[in-house]
Amino acid sequence: MKLSRRAMLGGIAGLAKMPARAADYSITAVPVGDGIWMVRGADEPIEEHNGGAIANIAIIATPAGTVLWECGPSLRYGRALRQVAEQLTGQRIIRVYVSHLHPDHGLGLAAFDPAIVAALPGTIAALAAQGQGYADGMYRLLGDWMRGTDLILPGRTIMAAQEDFGGRVLRLLALSGHSSADLALLDERSGLLLAGDLVFHDRAPSTPTADLAAWRASLDQLKALPHGGVLPGHGPLDPTGTAAIAQTRDWIDWLEGALTQAVRDGLDMVEAGDLPIPARFARMAAARYEVQRSVSHLYPGIEAALLPRIDVKSAP
């Protein structure tokens, strides 16, 4: 019998780590609004001990059925989330939104009928192009947590600016910056803004697919949008509706400026990863980890812009 690449990766990860079978996910939903519950992700990198469950999830009760915002990192997580959500609301899940392509937010869609899973066109295209690589990487990191998880594309393309679920209207915002396509959602009943990874709160933002200029523009749009609290992609709920957006903007502004200055000062990437982090970010989880990751993501582009090859002629 010929083994699939996925089966081989799972087997290699298991042999390398020799873990016990992964425990079930412990999912706790906390009310954060009228008919809305938050499932809090761990403020950590994706690691075996947390099963990749690091992204925040929302469960929304509507007259038409249950809506999920994000679905987690694996088939096992998606199944556990389904059970919790449907027990909580007493209604079946009729829609699952995936905010962007990163695997901690969307690989759990393997537990759902793709016909009820919705994402922006750019997210679906990015998943088709890059999703298998992300999924394979999750198998290497998480081993048995990922058992049975396959990359499945959302079956519903978001084209409208809102969906009405029996009178509960959810506004859908097509943005970008953290990735090439970032969905945000505003629940008109409660005013709660579900921001995905456009907004982090007391957890350092990650930048593996970031366009910082586009990200700033999206944050400006979110800030200007009338809303109540903000449920960020990572970190605690922001009941003010403004602090998390401002903090995310402050971080990416500081990060780009610090790395640009590091290039001008001739620092190599290792030295740049050890740059001092301002005291105002001291409470941010994973700050050093994300600075070092961001160096690998952003430094080559900054170097190319500031230190062009001397044999390349400039345009007339």
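The values are calculated or read from the model by the stated rules, or taken from the named source; none is laboratory data. Quick caveat: nothing in here was measured; it's all calculated off a predicted structure. So basically every Cβ, Gly included, is an ideal-geometry build from the backbone, and we count neighbours across all protein chains shown. Surface accessibility is based on the protein's heavy atoms, side chains included, excluding ligands, DNA and RNA. Shrake-Rupley method; radii C 1.70, N 1.55, O 1.52, S 1.80 Å.
Annotations
- Count - residues of region 134-156 that are of a type outside the set (D, E, K, R), open to solvent by 50 Å² or more (accessible area, probe 1.4 Å) and more than 14 Å from HIS105 (Cα to Cα): 2
- Within the set ALA64, ALA129, the sole residue that is open to solvent by 20 Å² or more (accessible area, probe 1.4 Å), under 19 Å from the mean Cα position of the chain (by Cα) and farther than 18 Å from HIS234 by Cα turns out to be ALA129.
- Region 236-262: number of residues that are surrounded by fewer than 19 Cβ atoms within 10 Å (Cβ to Cβ) and among the β-branched types (Val, Ile, Thr): 3
- Of all residues in region 157-173 being within 19 Å of the chain's Cα centre (by Cα) and closer than 22 Å to PHE112 by Cβ, the one that is surrounded by the fewest Cβ atoms within 10 Å (Cβ to Cβ): THR157
- Some residue of region 196-214 being assigned to a helix (DSSP H, G or I), at pLDDT 95 or above and surrounded by 15 or more Cβ atoms within 10 Å (Cβ to Cβ): yes
- Criterion (among the small types (Gly, Ala, Ser), open to solvent by 70 Å² or more (accessible area, probe 1.4 Å) and either at pLDDT 95 or above or within 26 Å of ALA286 (Cβ to Cβ) (or both)) met by exactly one of ALA22, ALA80, ALA16: ALA16
- Pick from region 97-115, criterion aliphatic (A, V, I, L, M) and within 22 Å of GLY235 (Cβ to Cβ), ranking: farthest from the chain's Cα centre (by Cα): LEU107
- Among the residues of region 174-185, the one identified as surrounded by fewer than 22 Cβ atoms within 10 Å (Cβ to Cβ) and either among the β-branched types (Val, Ile, Thr) or assigned to a strand (DSSP E or B) (or both) is ALA174.
- Positions within region 275-316 being surrounded by fewer than 13 Cβ atoms within 10 Å (Cβ to Cβ), charged (D, E, K, R) and modelled with pLDDT of 95 or more, in sequence order: ARG280
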